[in-house]
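Derivation of every value follows stated rules applied to the coordinates shown; laboratory data play no part. These figures come from a predicted structure and were not determined experimentally. Cβ sites come from the backbone with ideal geometry, for glycine too, and all protein chains shown count toward neighbours.
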Amino acid sequence: MRVQKMDWGYIEWMEPENAMEGNEASLHVGKVYIDPGKTMLPHVHYEEQFVYVLEGRGTGYINGKPQKFEPGAIFYMPAGCTHEFVNQGESPVIHLMASSPVSIDPDNLIDKAGADSVETQHRLYAAIEAVRPQFLKVNMSFVIRGASGQVMIKSSSFPTFCEKTCGILKTNACPCLKQATGGGETSENTFVCPYGWTIFQVPILWEEQLLGYIQGGYIRQSHGRFAGDRGESPAQPQVVEGAASINREAYASVASENGFDTPDSSAFGLLQLLRKVARALRNFCEYDQSRRELLEKEKSLSHSLDTQRLLEDHLRTTEHTVTNLKINNHFLFNTLNSMAAMALESGGMSLYQSIIDLSKMLRYSVRIQNSQVPLRMEMDYLKAYLKLQRLRYPEDLTFTIQMEEEAGDGAVPFNFLQPIVENAFTHGFSGQKEKRLEIRALKKEPQEGEARGRLWVSIRNSGPPVTREQSHAIRMQMQSGNSHGLSMVYEKLRAAYGDAFWTEILPGDKEGMCFTIRMPFVPADEEPDECGTGIGDR
């Protein structure tokens, strides 16, 4: 029986004597002893735990809720929960613990609408963006680095000690981020930083290529398999080649800086979690490659008789759908007309104007038969959208729309501005009371080699200033083809102009972000409203 000493007591691990080499058990069972007067500091479980109390009494906190630990009590703690324990008695609290790493299918972590990355160097960026919503928001400390060691993404949660000592959230100068990646080494690596924190490094591989590493853990072990020392004295940190000498005083203060002494079961569960992230990133790359190959095959079959028959069937279905849609739209606009008249008669001018704005948006969204519209119509649609948003933020939202007269005659892709503005409400204004938007549209005179000049459209929003790294990540997501709002805008622009347009995402002068689009100026004739008798301004 192996004993792991902890700050707060010790664990007797019940390990099978006949385990085959290389077959690490995923289920860990141990007898936990918590000494009188000792406290388990708050920590997050990355594995499922089942606890049965054998002796003693104390108070545990599971996700902040107090629980009585007494003989015969049974507790289940799911992965991701926060746990804390205080033994205020005069005798040890002893409980039997069984833990198992959380079961996650990496295939289900993939956003199957994911990126259509064209270059190999973008694959990891695209994979990160695809996996991020399902997995990387988990409350754990991690860094994803490229094959050459550059930091690509960091989580927002690191131990207090790391934040105070190394400033890991604000800089990439801390020793653990300078740890050598082995010059393309593709094996796992566990190292201890100069301050005594254990860090796991798992390679991200795809088709015999090393895309990068996911580095996580940032846990403290006084004793244990990953502490670097199995002796009776506290583990001494391993010195990383090229790193600063060990700060002994800082290392001694680790326990008081939110440094929970981590059992082997939790450490192994976290390592398994990192392995599954690496596998999910690899699976996305495989899926993305298969999808692009499939798209190529579909192109080669586009002129076949079978494909033509399928297109004919689809056309007939679409014709029926459009007919039904026109009938439904006619009913919808008649209903809105009646509602607007009732609001006007009852003196509800605010409700009346809101119905007018909603009608404009609906009319615009269903009227289009061509992919290009005059910019002034797109601006009217955007203005109606912002006026409806003002219902939600009557005191906090201010916006200005400035458009040169000649710019309004330019043809632009249908509904390419509203998703950008909506992104400001979703992300740029998060946690902000005041919300300010400035939209400008200009027509620039032709330069050498241009026939009619260019349209410039810029959208500035208030909010916390974005960094250039964040701007780059937004641009990569926009070009990823993952069917999200900004990605759909990019596809509209590419379909309309090929490579003849240009986008720029930069931090604002003092706050927020500035999104600029430059595109060729092509005159457009405004077409009549396709919805017939829809309501309008009075």
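General remarks:
- Extension gain, S430 to E55, is 130.2 nm, computed as 0.36 nm per intervening residue step minus the present C-alpha separation.
- Spin-label pair K31/E15, simplified geometry with 7 Å Cα→Cβ offset, distance in nm: 1.8
- Distance (nanometres) between label positions extended 7 Å along Cα→Cβ at L169 and Y497: 3.8
- Value of Rg to Rh for the range 2-101, rounded to two decimals, is 0.98; Kirkwood radius and Rg both from alpha-carbon coordinates.
- Full extension of the chain between K65 and S346 yields a length gain of 96.0 nm, computed as 0.36 nm times the residue separation minus the alpha carbon distance.
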